[in-house]
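Following: one structure in structure tokens, then a few remarks.
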Amino acid sequence: MKKEALHCIDVQQFNHNFLEEICDLADKIREISRTKAGMEYLASILNHKRAMLYFVQPSTRTFLSFYSACQMLGIKCAEVRDPKTSSEIKGESEEDTVRTFSLYFDLIIMRHPRANFAEKIANLLNDTDHPVPVINAGSGKDQHPTQALLDIYTLRRSFLHRGGIAGKQIAFVGDLRRGRTARSLALLLTQFQGVKLYFVAPSEYQMGQDILSFLDHQKTAYEITDDFEKVIPAVDAIYMTRLQDEWDREEGISVDIDIERFSFQKRHLDLLKADGIIMHPLPRRQEIAVEVDSDPRAAYWRQVRNGMYIRVALIAGIFQRDKKILDYYLANT
Ligand code: NCD
């Protein structure tokens, strides 16, 4: 039988049950990691494995979050962040470069500017006699599945005592057309009953028709608007994003928009529900005023921390160690 590795390529592969399970596991990992004995246990689980972090697009959080997650599980990491330092500069194809990684490492975590590259690599490796799992850590303007997992995890924790994510209203604000985090999270929210999404953006940066068609198909309610202040009081969560202007040159456009209209200012805190939350995948520019950070409804720094735990859970699951961790949790906490 053909061997196939378990990959994480896009959010369409996750169902509701998986989301509940991975969030439960992340909660348990968080708890286990509070003690030295727990940390030592976690670090013993996959200490025979090695991971390659192939990040040829800029990254701070996602890179460090995966690096930390691997460390927590005892996985040894190597990294390529600049293709100029690998043989690609000698004319090797990226496909050959990544295939080489699969011969040294047990896991490839990759961020790449091309939308379908991670998927292509996963398929290519499945056809070799040494397939290793591939995790998509951000693919061009398309998807960022592990960010969507940490966003779901953050929403779930935030709404734990308010009936969970089902039925909540969530606004996405900013460059939604090119923001892969907003795209992935919008797709994943279709897994929850009765949610309503608001897409708040200038028309040039509105959410892509491919995502809207998927929402229609899943019967997930949404509204398209450019009136941010009207949306703020209506929603339970606001997902801010930055202008993704690194794509302007490739797209040959330069749009002059008033980004101020799509930013969260201190005065907006008065409009937001008392138990509403503000999220951001980060990095931010001016979309959220720094004065907002100290408000308890600002969830974006918590999001960063949640990312580490959900990635530990994801990697543990890929290597089928989830059951082992749950057993340890039952016996020791
Ligand atoms: C985002 C990304 O790289 O897509 N950052 C992240 O991974 N947390 C968002 C962005 O760059 O705007």
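Key figures
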{"item": "Scan of the stretch 47-65 for residues that are of a type outside the set (Gly, Ala, Ser) and within 14 Å of residue 311 (Cα to Cα), ordered by number", "result": "53, 61, 62, 63, 64"}
{"item": "Tabulated pairs, the stretch 122-135, first within 16 Å of residue 315 (Cβ to Cβ), second among the polar types (S, T, N, Q), C-beta under 6 angstrom, 6+ apart or interchain", "result": "132/102"}
{"item": "Within the stretch 217-250, tally of residues that are of a type in the set (Asp, Glu), surrounded by 12 or more Cβ atoms within 10 Å (Cβ to Cβ) and more than 16 Å from the ligand (Cβ to nearest atom)", "result": "4"}
{"item": "Restricting the stretch 72-97 to residues that are surrounded by 14 or more Cβ atoms within 10 Å (Cβ to Cβ) and of a type in the set (A, V, I, L, M), the residue that is farthest from residue 47 (Cα to Cα)", "result": "80"}
{"item": "Failed criterion for residue 154 (all others in (1) in contact (Cβ under 8 Å) with a residue 40 or more places away in the chain; (2) within 29 Å of residue 48 (Cα to Cα); (3) within 16 Å of the ligand (Cβ to nearest atom); (4) among the hydroxyl-bearing types (Ser, Thr, Tyr) hold)", "result": "(2)"}
{"item": "Residue list for the stretch 128-139, restricted to those being modelled with pLDDT of 95 or more and not in a strand (DSSP E or B)", "result": "132, 133"}
{"item": "Search result, residues across the stretch 142-174 that are of a type in the set (A, V, I, L, M, F, W, C), crowded, with 21+ Cβ neighbours inside 10 Å and over 15 Å from residue 314 (Cβ atoms)", "result": "155, 165, 170, 171, 172, 173"}
{"item": "Members of the stretch 289-306 that are outside any helix (DSSP H, G or I), away from the ligand (no atom under 14 Å from the Cβ) and of a type in the set (Gly, Ala, Ser)", "result": "289, 298"}
{"item": "Hits in the stretch 88-111 - residues which are touching a strand residue (DSSP E or B) at 6+ places or on another chain (Cβ under 6 Å) and either under 30 Å from residue 182 (Cβ atoms) or free of Cβ contacts under 8 Å to residues at least 12 places away in the same chain (or both)", "result": "101, 107, 108, 109, 110, 111"}
{"item": "Filter pass, residue 298 being in contact with a strand residue (DSSP E or B) (Cβ under 8 Å, 6 or more places away or on another chain) and over 26 Å from residue 165 (Cβ atoms)", "result": "no"}
{"item": "Helices (runs of 4 or more DSSP H) wholly inside the stretch 172-276 containing at least 2 residues that are at pLDDT 95 or above", "result": "180-189, 209-218, 228-231"}
{"item": "Members of the stretch 314-330 that are over 20 Å from the mean Cα position of the chain (by Cα) and assigned to a loop (DSSP other than H, G, I, E, B)", "result": "320, 321"}
{"item": "Selection status of residue 286, away from the ligand (no atom under 15 Å from the Cβ), surrounded by fewer than 18 Cβ atoms within 10 Å (Cβ to Cβ) and free of Cβ contacts under 8 Å to residues at least 40 places away in the same chain", "result": "no"}
{"item": "Residue list for the stretch 93-146, restricted to those being basic (Lys, Arg) and within 13 Å of the ligand (Cβ to nearest atom)", "result": "111, 141"}
{"item": "Unique match (being over 27 Å from residue 141 (Cα atoms) and more than 23 Å from the chain's Cα centre (by Cα)) among 30, 34", "result": "34"}
{"item": "Subset of the stretch 36-72 (residues that are farther than 18 Å from residue 301 by Cβ and touching a Pro at 6+ places or on another chain (Cβ under 8 Å))", "result": "56, 57"}
{"item": "Any hit, the stretch 175-186, residues being in contact (Cβ under 8 Å) with a residue 24 or more places away in the chain, more than 16 Å from the ligand (Cβ to nearest atom) and either surrounded by 13 or more Cβ atoms within 10 Å (Cβ to Cβ) or under 20 Å from residue 14 (Cβ atoms) (or both)", "result": "no"}
{"item": "Residue 191 vs. criteria crowded, with 20+ Cβ neighbours inside 10 Å, under 20 Å from the mean Cα position of the chain (by Cα) and among the polar types (S, T, N, Q)", "result": "yes"}
{"item": "Any hit, the stretch 98-109, residues being outside any helix (DSSP H, G or I), in contact with a Gly (Cβ under 9 Å, 6 or more places away or on another chain), of a type outside the set (Lys, Arg) and surrounded by 15 or more Cβ atoms within 10 Å (Cβ to Cβ)", "result": "no"}
{"item": "Sole residue being hydrophobic (A, V, I, L, M, F, W, C), within 22 Å of residue 114 (Cα to Cα) and in a helix (DSSP H, G or I), chosen from 53, 64, 42, 25", "result": "64"}
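The values are calculated or read from the model by the stated rules, or taken from the named source; none is laboratory data. Bear in mind the structure is a predicted one, so any value in this text is a computation, not a measurement. Ideal geometry is used to build each Cβ from the backbone, glycine not excepted, and the neighbour counts take in all protein chains shown.
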